[in-house]
Amino acid sequence: MSGIRRGTVQEVASGVFAAGGTDVNWFLVREGGELTVIDGGWAGDAELLEASVRAIGHRPEDVRAVLLTHAHIDHMGGPLLLQRRYGTPVLMHADEIAQTSDGPLEQAGARDVVVRAWRPSVLAWSLRIARAGALRKPEVPPAGPLPAAGPLDLPGGPVPVPCPGHTSGHTAYHLPAAGALATGDALVTGHPLSRTTGPQLLPSMFSHDQPGSVAALETLGAVDAGVLLPGHGAPWEGQMADAARGADPRRGL
């Protein structure tokens with residue numbers, strides 16, 4: 001399985017549910033009657049995010065907060081809807097907030113995609129994300145900064161794990177009780193532009209700082225978790241040290 005099918009929701013760890021958008025994932029973390037949401041898909045996936053909350057027996061009002069791994073438009077569309085409809089707080093690293101207010105987002109542009117569009121897989125993916133909102137003007141949900149350190153007072157007790165590279169403030173979230181790590185785009189298991197599945201980095205055109213992305217693997221590999229929750233691709237079971245080693249482009253050199 002190369003990823004989570006769009007519109008589906010599945011429990012992938014105790015109290016943790018993976019939901020599929022347009023070639024992108026988000027995660028719902030349940031504790032008691034409340035939820036934490038991590039990321040949220042494209043603008044065109046926003047209704048699917050709300051539907052995924054209802055699919056596991058909750059109301060959108062049960063979401064205490066949305067945590068963003070980073071400020072890319074394929075992760076922020078659903079959170080913007082929840083914030084506007086229900087006043088749901090959105091949190092992300094302060095460096096991501098500064099990026100969204102001071103200039104263009106640190107992400108691949110249309111030209112990066114166009115020069116590769118001769119590949120059938122790239123063209124098909126490009127059409128899908130265009131329908132999901134890739135060509136719209138980016139809208140960034142007003143967000144608060146993450147606390148300086150330690151677990152957050154949110155369902156699942158998520159612990160922010162800064163792993164800059166893909167973007168300046170990219171942050172993973174460790175869920176100790178579930179033994180899981182939501183890695184956003186810092187460590188994925190598949191992508192329509194990749195010819196392989198399993199732990200890997202995204203193609204370098206997506207990284208703001210590719211050497212930083214490689215260096216961040218050491219940070220992620222040190223986390224004690226047995227389930228990898230990627231922003232793209234299917235969840236993966238195994239130790240993070242093994243996942244990071246498998247994704248490191250320097251291995252074998």
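The values are calculated or read from the model by the stated rules, or taken from the named source; none is laboratory data. None of these values were measured; they are calculated from a predicted model. A quick note on method: Cβ atoms are made from the backbone with ideal geometry, for glycine too, and the neighbour counts reach across all protein chains shown. The protein model used for the area step is the full one, side chains on, heavy atoms only, and it has no ligands, DNA or RNA in it. Shrake-Rupley method; radii C 1.70, N 1.55, O 1.52, S 1.80 Å.
Computed values, structure above
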read-out: FRET E, pair residue 149, residue 14, Förster distance 22 Å, beta-carbon r, rounded to 0.05; value: 0.30
read-out: Order of exposure, largest accessible area first, which applies to 64, 131, 85 with probe 1.4 Å; value: 131, 85, 64
read-out: Rounded accessible area of residue 218 (nearest 10 Å², 1.4 Å probe); value: 150
read-out: Apportionment of accessible area to carbon and sulfur, the chain, percent (1.4 Å); value: 53
read-out: Solvent-accessible area per residue, Å², over the chain with all protein chains present [probe radius 1.4 Å]; value: 43
read-out: Accessible area (Å², 1.4 Å probe, nearest 10) - residue 69; value: 0
read-out: Rg followed by Dmax, in Å, when the chain is reduced to its Cα trace; value: 16.5, 51
read-out: Helical contribution to [θ] at 222 nm, DSSP H n ≥ 4, -39,500 (n - 2.57), averaged over the chain, rounded to 500; value: -8500 deg cm²/dmol
read-out: Most fluctuating residue given options 197, 171, 183, as computed from a GNM of the chain linking Cα atoms under 10 Å; value: 197
read-out: Long-range HN-HN contacts of residue 161 with modeled amide H, under 5 Å; value: 172, 173, 174
read-out: Calculated FRET efficiency for the pair residue 242/residue 128, C-beta based, R₀ 30 Å, to 0.05; value: 0.45
read-out: Alpha-carbon centroids, segment 225-239 and segment 155-188: separation in whole Å; value: 11
read-out: Descending semi-axes in Å of segment 27-96, equivalent ellipsoid built from Cα gyration tensor; value: 18, 13, 10
read-out: Percent breakdown of C-alpha pair distances by 10 Å bin, ordered from the shortest bin, for segment 166-253; value: 19, 57, 23, 1
